[in-house]
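The values are calculated or read from the model by the stated rules, or taken from the named source; none is laboratory data. For clarity, every value in this text was computed on a predicted model and none was experimentally measured. Here the Cβ positions follow ideal geometry from the backbone for every residue, glycine too, while neighbour counts run over all protein chains shown.
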Amino acid sequence: MLVIAIVFISSALVLYSVSIWSERISKGLKPWMVKTFISAFACDLIGTSIMFCQATDRFQLNLHSSCGYAALVIMGLHLVWALIALRYHGPAEKNFHRFSIMAWTIWLVAFLSGVPRA
């Protein structure tokens with residue numbers, strides 16, 4: 001099951017990166033980017049849920065779990081913001097553009113904190 005969780009989390013990384021960086025480079029939010037974002041969030045949620053169920057100590061407070069849950073919440077809020085920005089444009093889209101890289105960076109820190117050290 002851990003391999004499946006890793007596949008989902010890694011897929012979330014790719015999909016979230018494509019979504020955020022495409023929006024950043026094109027300087028505009030398009031429906032396909034939000035659909036990709038939705039897929040990234042779903043993959044992250046599934047992968048995190050699998051890892052949570054597999055953990056022997058589910059409520060251990062450490063850097064990875066703290067960052068991971070915070071990043072998941074931020075990603076969820078960011079997704080809601082993307083949906084609003086896509087629908088209403090204007091200031092919501094402008095501010096979404098400013099916040100995207102910061103939210104992605106926080107998510108990336110959570111992802112990297114879970115990568116095993118050799």
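You will find that of V109, V34, the residue that is over 24 Å from L2 (Cα atoms) and hydrophobic (A, V, I, L, M, F, W, C) is V34 and no other.
Given the condition closer than 14 Å to F111 by Cβ and of a type outside the set (D, E, K, R), answer yes or no: does some residue in region 77-99 qualify?
Filtering region 77-99 for residues closer than 14 Å to F111 by Cβ gives none.
There is no residue in region 77-99 that is closer than 14 Å to F111 by Cβ and of a type outside the set (D, E, K, R).
Looking at region 1-115, the helices (runs of 4 or more DSSP H) lying wholly inside it that each contain 2 or more residues that are at pLDDT below 85 and buried (at least 16 other Cβ atoms within 10 Å of the Cβ) sit at 63-88, 90-113.
With I46, I4, I25 as the choices, which residue is closer than 20 Å to I101 by Cβ and of a type in the set (A, V, I, L, M)? Spell out how you get there, then give the answer.
Working: I46 fails: closer than 20 Å to I101 by Cβ; I4 fails: closer than 20 Å to I101 by Cβ.
After applying the criteria, what remains is I25.
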